[in-house]
Each structure stands twice: as structure tokens, then as C-alpha cells.
Amino acid sequence: MKTAKSIKINPKFVKAFKSGLPLISKQSIVNHQELTAEGELFDLIDERRQFVARAYYGKQNKGYGWVLTRKENENIDHGFFEKKIRNAINQRAHLYQSEETNAFRVFNGEGDGIGGVTIDYFDGYYLINWYSEGIYQFKKMIVDALQKLMEVKAIYEKKRFDTKGQYLEDDDFVAGERANFPLIVKENGVHFAVYLNEGAMVGVFLDQREVRKRIRDHYADGKTVLNTFSYTGAFSVYAALGGAVKTTSVDLANRSLPKTIEQFSINGIDYEAQDIIVEDVFKYFKYAVKKELKFDMVILDPPSFARSKKFTFSAAKDYTNLLKETIAITEKGGVIVASTNCSSFGMKKFKGFIDTAFKETGGKYRILEEYTLPEDFKTISEFKEGDYLKVVFIEKKSG
């Protein structure tokens with residue numbers, strides 16, 4: 001396949017692209033203004049006009065597109081997408097065969113060779129997330145490949161790029177037989193109600209599967225558990241099933257109350273025996289201090305960026321202070337599960353936040369264990385930002 005344009009690589013980035021860098025940033029290419037049509041294919045060339053890689057143009061955050069192949073003679077066609085998706089499916093064959101889990105990631109963007117798109121599996125139903133108009137231009141090839149390779153009940157999609165404020169619920173459905181929602185899926189034997197037709201989020205974040213299991217199996221028994229930024233209460237459900245004395249779930253969104261009640265109920269847990277609080281988490285911390293409330297375990301999993309009426313939170317700037325507030329309401333000998341999905345810093349810096357928070361509060365701590373993304377969220381070493389999840393279990397020492 002001949003591509004229409006050759007885009008010159010900034011000399012500083014040639015080595016990185018040759019070594020496997022998949023993301024094309026504005027500063028990594030010289031004549032980016034020649035890229036005009038989302039989805040167009042182009043060749044990256046070095047200063048000697050030698051072919052380095054073939055990519056597609058798609059604006060996504062600070063990116064201008066993704067490398068698809070470093071083989072000059074490889075066509076970007078139906079066969080290309082089929083091969084990439086088949087490889088990803090084969091690597092997750094054991095998950096398809098699991099009796100305990102039927103919700104997981106099938107294709108993880110650049111980790112599986114095509115940046116800008118992910119595919120999740122929910123008990124026979126597939127959800128495709130498109131992160132740019134550029135990758136969306138390849139929709140038919142990707143959908144056709146998925147239907148050819150797998151027995152598909154239905155395919156749904158989420159457009160996570162700017163659609164100029166237009167969002168149609170029916171637009172989520174792509175192919176197959178429409179599902180009756182909620183879908184009740186399993187993760188480590190725990191049930192979740194999932195909605196593939198309701199806005200950007202479906203009801204559970206699949207990347208925390210191993211962390212939730214660890215809380216249930218090793219930490220929750222006999223404990224009081226506070227789950228902050230709780231969304232639909234997934235951590236709380238696992239804690240309750242693991243024998244927690246009581247869980248408290250706090251989230252600002254009004255939907256968190258009925259959604260959390262639903263998740264408790266489908267797992268046979270009496271939600272009235274748990275606390276589900278719709279409130280700004282930052283405000284709740286102040287309330288807990290005032291009332292001298294303390295918890296054996298606090299789960300701290302804020303969004304990378306959040307805005308409430310009085311406060312704007314940025315994980316990169318504010319996580320240390322949030323941890324200090326968390327330490328104040330954690331029992332001595334208790335455990336803090338500190339988590340972030342912010343991709344702008346790594347585990348070393350995150351541990352630095354933890355260390356600073358304890359030093360500034362005069363406390364001592366011990367790191368018990370840490371987690372990053374599970375195996376189905378495949379990443380590559382050449383793109384460290386893709387390995388965004390950082391979770392650290394911290395013991396607040398009593399001495």
C-alpha cells in the first residue's frame with residue numbers, strides 16, 4: 001500500500017521511533033501541518049528520508065497519531081486488523097475459559113499494537129472504546145475482524161473523542177442482538193451489573209480486578225472499611241464479601257447511591273447494613289475528623305482530575321495532601337489502599353507522595369504490597385505512560 005504523505009521525524013526522536021515508541025507527539029514530527037484528515041495513513045521518515053514506520057493521524061490528548069507497523073511492505077487493511085485482534089484474543093484464551101471471571105479487556109491499544117482503541121469483553125458482549133476520530137475511520141475493519149474471529153452476541157461502542165456535545169444512547173449499539181441491561185457479569189466469582197448503553201462508564205473498572213480480589217481474600221475480614229470516590233461500590237462489595245464488619249462508600253455523584261445498592265443486592269448483601277453516602281469526599285474527610293471516626297482500612301482511588309463546587313483535585317499536585325487526610329482517619333495498624341490511574345508520573349514518584357505524607361504527619365508506615373495493571377491490560381516498555389495504574393497497600397504503623 002502506497003501512502004500519500006511522508007512526515008519527517010524530529011532528529012531527536014528518530015532513535016525512539018526505531019526502538020518502538022508508538023505515540024506520535026506534535027514535537028516528534030517536523031511537518032505536522034501536512035496532516036489534515038483524521039485517519040489518513042502516512043510514513044514516518046528520518047533525515048535521510050528512510051522509512052521508519054507507518055502510522056495513522058488521529059488527535060488524542062497531546063498525541064497526533066499512533067504507529068501501526070515498522071514493516072514498509074505491510075498493508076494496513078482488513079488482514080492487518082484481523083491479525084492484531086487474533087493475537088490479542090489468543091493471549092487471553094485462558095480468561096475466556098475461566099469459570100470465575102467473564103469480564104476483562106480483550107485488546108489494550110498500543111499494548112496490542114493499535115493505539116487509540118480498546119476492546120472489553122462482558123460475557124459475550126464486546127465494548128469498543130474509540131479515543132480519536134482517526135482510529136474511528138477504521139471502525140468497519142475492526143468490527144468485521146471481531147465478528148469474524150469470535151462468536152459475538154453484540155458489539156457496543158463508546159466515542160471518547162469530542163463529538164461536539166452530541167451523545168445519543170442508541171449510538172452505543174453497533175452490531176448483533178441488543179442486550180437487556182443490566183448485564184450481570186462475573187469477576188472472581190463476584191457479580192456486577194453492567195450497562196454498555198449508559199454514557200462513558202459502564203459500572204465497573206476492569207483494571208482493578210486483582211486489587212479487589214486481594215482486599216476480599218486477605219484484608220477485609222473483621223475490618224471497618226471506608227471506600228472513597230466509590231463510584232458503584234465495587235471495592236465495598238468485595239470487602240463485604242470478604243467479611244468486613246461494615247463498609248462505608250462515599251462519592252459525590254448522585255448515581256452512586258442506586259448503583260451501589262444494585263451491586264450489593266445482586267451479590268446477596270444487605271445494603272442497609274452498609275453506609276452509602278453521597279457527598280464530596282473532601283468534605284467527608286473533615287466530617288470524619290470532627291466526629292473522630294477511624295477506619296481499619298481506607299481505599300483511596302480518586303480520579304486523576306476532579307472538580308467539585310469548592311475544590312479542584314489533581315492527582316499530580318494534590319495526592320500527598322489527600323493521603324495526609326486519609327492517614328488522620330486510619331486506625332493505627334490499619335491499611336490504606338492508595339491508588340491512582342494518573343499516567344503523568346510513575347510508581348517511584350507515587351511512593352514519594354506516600355513517604356512525604358507520612359513524614360509531614362509524623363507517622364510511620366510500611367509498604368505491604370503493590371500492584372500495576374493486570375495481564376489483560378497489556379503494555380509495552382517503550383510507552384511507559386500506558387502502564388498507568390499504581391496501587392500500594394500501606395500499613396499505618398502503631399509505633
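The values are calculated or read from the model by the stated rules, or taken from the named source; none is laboratory data. These figures come from a predicted structure and were not determined experimentally. Methodologically, a virtual Cβ is constructed for each residue, glycine included, from the backbone with ideal geometry; neighbour enumeration extends over all protein chains shown. SASA here: full protein model, heavy atoms, side chains in, ligands and nucleic acids out. Shrake-Rupley method; radii C 1.70, N 1.55, O 1.52, S 1.80 Å.
Couple of notes before you dig in:
- Screening segment 254-276 for residues that are free of Cβ contacts under 8 Å to residues at least 60 places away in the same chain and open to solvent by less than 30 Å² (accessible area, probe 1.4 Å) and picking the one that is farthest from Ala220 (Cα to Cα) gives Ser256.
- Hits in segment 71-86 (condition: more than 20 Å from Leu21 (Cβ to Cβ) and surrounded by fewer than 21 Cβ atoms within 10 Å (Cβ to Cβ)): Asn73, Asn75, Asp77, His78, Gly79, Glu82, Lys83, Arg86
- Taken as a whole, the structure leaves Arg92 outside the set of residues that are touching a Lys or Arg at 6+ places or on another chain (Cβ under 9 Å) and open to solvent by 20 Å² or more (accessible area, probe 1.4 Å).
- The condition of being within 29 Å of Trp66 (Cβ to Cβ), among the basic types (Lys, Arg) and not in a helix (DSSP H, G or I) holds for Lys378.
- Test: residue in segment 97-119 that is out of contact with any helix residue (DSSP H, G or I) (no Cβ under 8 Å at 6 or more places or on another chain), surrounded by 17 or more Cβ atoms within 10 Å (Cβ to Cβ) and either not in a loop (DSSP other than H, G, I, E, B) or not assigned by the TED database to the domain that holds Gln137 (or both): no
- Conditions (1) at pLDDT 95 or above; (2) closer than 27 Å to Leu322 by Cβ; (3) in contact with a Lys or Arg (Cβ under 8 Å, 6 or more places away or on another chain); (4) open to solvent by 20 Å² or more (accessible area, probe 1.4 Å); number of the one not met by Ala200: (1)
- In segment 71-101, the residues that are touching a residue at least 12 places away in the same chain (Cβ under 8 Å), of a type in the set (D, E, K, R) and over 30 Å from Gln50 (Cα atoms): Arg86, Arg92, Glu100
- Checking each residue in segment 338-351 for being assigned to a helix (DSSP H, G or I) and surrounded by 13 or more Cβ atoms within 10 Å (Cβ to Cβ) picks out Met347, Lys349, Phe350, Lys351.
- Glu279 of a type in the set (D, E, K, R), touching a Leu at 6+ places or on another chain (Cβ under 7 Å), open to solvent by 20 Å² or more (accessible area, probe 1.4 Å) and farther than 19 Å from Met201 by Cα: yes
- Screening the candidates Leu21, Leu68 for the property of being touching a residue at least 24 places away in the same chain (Cβ under 8 Å), open to solvent by less than 70 Å² (accessible area, probe 1.4 Å) and assigned to a strand (DSSP E or B) yields one hit, Leu68.
- Residue check, Val237 touching a Pro at 6+ places or on another chain (Cβ under 9 Å), open to solvent by less than 20 Å² (accessible area, probe 1.4 Å) and either under 22 Å from Asp120 (Cβ atoms) or hydroxyl-bearing (Ser, Thr, Tyr) (or both): no
- The one condition from (1) part of a strand (DSSP E or B); (2) loosely packed, with under 15 Cβ neighbours inside 10 Å; (3) under 19 Å from the mean Cα position of the chain (by Cα) that Arg366 does not meet is (3).
- Among the residues examined, Glu385 qualifies as part of a helix (DSSP H, G or I), within 16 Å of the chain's Cα centre (by Cα) and closer than 30 Å to Gly20 by Cα.
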